[in-house]
1. If the requirement is being over 13 Å from ILE107 (Cα atoms), surrounded by fewer than 15 Cβ atoms within 10 Å (Cβ to Cβ) and hydroxyl-bearing (Ser, Thr, Tyr), which of these qualifies: SER35, SER81?
2. Considering the stretch 2-27 alone, what residues qualify as being assigned to a loop (DSSP other than H, G, I, E, B) and either at negative phi or near the ligand (Cβ under 8 Å from one of its atoms) (or both)?
3. If you go through the stretch 28-37, how many residues are under 13 Å from the mean Cα position of the chain (by Cα) and more than 8 Å from the ligand (Cβ to nearest atom)?
Amino acid sequence: MEKKDKELIENAVLASTRAYAPYSKFKVGAALRLSDGQIILGCNVENASYGLTNCAERTAVFSAVAMGRTDFDKLAIYVDSDDFISPCGACRQVLVEFSSKLKVMLINRQKKVHETTAAELLPMGFTKENLNQH
Ligand code: THU
């Protein structure tokens, strides 16, 4: 594995420690690498009004956008679980908004890696190109 991917994984693990998940206790970490190598962290942020929870993936994406950056290269998602946790439907839609080519790494507790892409996670997704057709 490339050194920069190892670094991305370490950052996703770090981000998971920052999760605010007092209700589910399910701590998710996301690390989003931009085209210049900069890494933006995201964690899930829960709320007593459960439906207001923001997933780790969207936290990272929204944080990057707020920094004026949408040049996403690769996203790493880590959960301390035997399973690979893949983004929820809402997060998949948000990822595809910026790049269907976005590379995605799912990382489990054993630090095994499953490589995929935003397009693969959301086949036949609704995009801005569809909006321009009407
Ligand atoms: N969660 C994420 O942050 N990302 C995912 O990909 C799946 C789910 C969070 C939302 C909630 O805080 C907790 O995990 C349990 O669903």
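What follows is calculated from the coordinates using simple rules that are stated; it is not laboratory data. Keep in mind the model is a prediction, meaning the values are calculated, not measured. Glycine gets a Cβ as well: all are built from the backbone with ideal geometry, and neighbour counts include every protein chain shown.
1. Numbers: SER81 fails: over 13 Å from ILE107 (Cα atoms).
Result: SER35 is the single residue among SER35, SER81 that is over 13 Å from ILE107 (Cα atoms), surrounded by fewer than 15 Cβ atoms within 10 Å (Cβ to Cβ) and hydroxyl-bearing (Ser, Thr, Tyr).
2. Within the stretch 2-27, the first condition is being assigned to a loop (DSSP other than H, G, I, E, B), and the residues that meet it are 2, 17-19, 21-27.
Residues satisfying the conditions are GLU2, THR17, ARG18, ALA19, ALA21, PRO22, TYR23, SER24, PHE26, LYS27.
3. In the first step, residues of the stretch 28-37 are kept if they are under 13 Å from the mean Cα position of the chain (by Cα); the result is 28-34.
Okay, now just the ones that are also more than 8 Å from the ligand (Cβ to nearest atom), so 29, 31-34.
Going through the stretch 28-37 one residue at a time, the tally reaches 5.
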